[in-house]
Amino acid sequence: MDEIGISIKKEEPTFESVVTEKAALMQELHEEDLYVKYKKLSRHLEMLDIQESYIKDEQLNLKRELIRAQEEVKRIKSVPLVIGQFLEPIDDKTAIAGSTTGSNYVVRILSTLDRELLKPSSSIAMHRHSNAIVDILPPEADSSIAMLGKEEKPDVAYSDVGGMDTQKQEIREAVELPLTHFDLYKKIGIDPPRGVLLYGPPGTGKTMLVKAVAHHTTAAFIRVNGSEFVQKYLGEGPRMVRDVFRLARENTPAIIFIDEIDAIATKRFDAQTGADREVQRILLELLNQMDGFDQGSNVKTYRDRTDYPQRKLQRLSRLQVFKASPHRIKSYVVP
């Protein structure tokens, strides 16, 4: 412009103009960043929508598989099932189990079962074809031992048993008082006997005395016959003995009355047959349960005959022996 004679005066930028220009530039850049961020968030939202749809489909498929699995487990557990006994585990998936036929099998364990409940000698349900363990039964599921209810208890009193005043006093001190006044025995320091062995000729009132004890105490009363322990299959007799004492432990204080115990408590001899060996195993299990039993809360009462001296039962103060009077023929007088 100087060549043509026109002079132009250049204006120096002011501070306010510079600040305004920079602010406008920053605003433009900020808007561009927001747009980029918006696009990124939009793409991320689309990805989340896709993942949500995939998860919903997967959840629906898993629900269908769960329903099918539950139906399969229900079909596997459908009756009839074979009742067996859990012996010992091998690993998390297999174990050794015994059936009621006396045979032992290596079987699989259903994955839905709680391994903590699988204890040795526990009752189990096995699949009838594969023998797999499909369920755990309660302890009393296959037990034939029952406890007498309150209405089933005998109504025989001590006054109904004629004579035998000495025997009645002794059996009350050995059986009834430890149940009703156990704290006194503990305070004095007297250990009550673990059980009582009644023996004598038939008709002398042995069972009547036991009925009177059951009538005068609030303890649970379990009555079994010695011959009931002798079963067809091996191991069934000792299992029944364990069931009797288990039932007594669960209902303490309790009285176990084994009538005609001479059916299993014979003299020890060299058994030649499987039946004789099984009888001796039943007696050994009975002695084991007696020795390991809490004598403070449970009392065992037995009945025996004079022609079978039970040295094993009397050994180590296992039982207190009472003899019924052979002169008392009449048990009680019916009013």
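No value in this document is a laboratory result; all are computed from the given coordinates. All figures in this text were calculated on a predicted structure; none of them were measured in a lab. Methodologically, a virtual Cβ is constructed for each residue, glycine included, from the backbone with ideal geometry; neighbour enumeration extends over all protein chains shown.
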**OP:** Rank by packing, highest mean first: peptides 118-124, 279-285, with packing defined as the count of other Cβ atoms within 10 Å averaged across residues.
**Re:** 279-285, 118-124
Original post:
For E71 and R43, what is the calculated FRET efficiency with R₀ set at 45 Å and r taken between the beta-carbons, to the nearest 0.05?
Top reply: 0.60
**OP:** Determine, for I136, I55, the number of other Cβ atoms within 10 Å of each Cβ, and report the residues in order from fewest to most.
**Re:** I55, I136
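Let me know the shape class of the range 201-247, please: from the alpha-carbon gyration tensor, a ≥ b ≥ c as square roots of the eigenvalues, rounded when a/c is under 1.5, otherwise prolate if a/b is greater than b/c, or oblate. Display every interim value, and only then the final one.
On the way: a/c = 5.36, a/b = 1.58, b/c = 3.38.
Because a/c hits 1.5 or more and a/b fails to exceed b/c, the range 201-247 counts as oblate.
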**OP:** Give the order of L234, L62 when sorted by the count of other beta carbons within 10 angstrom, beginning with the fewest.
**Re:** L62, L234
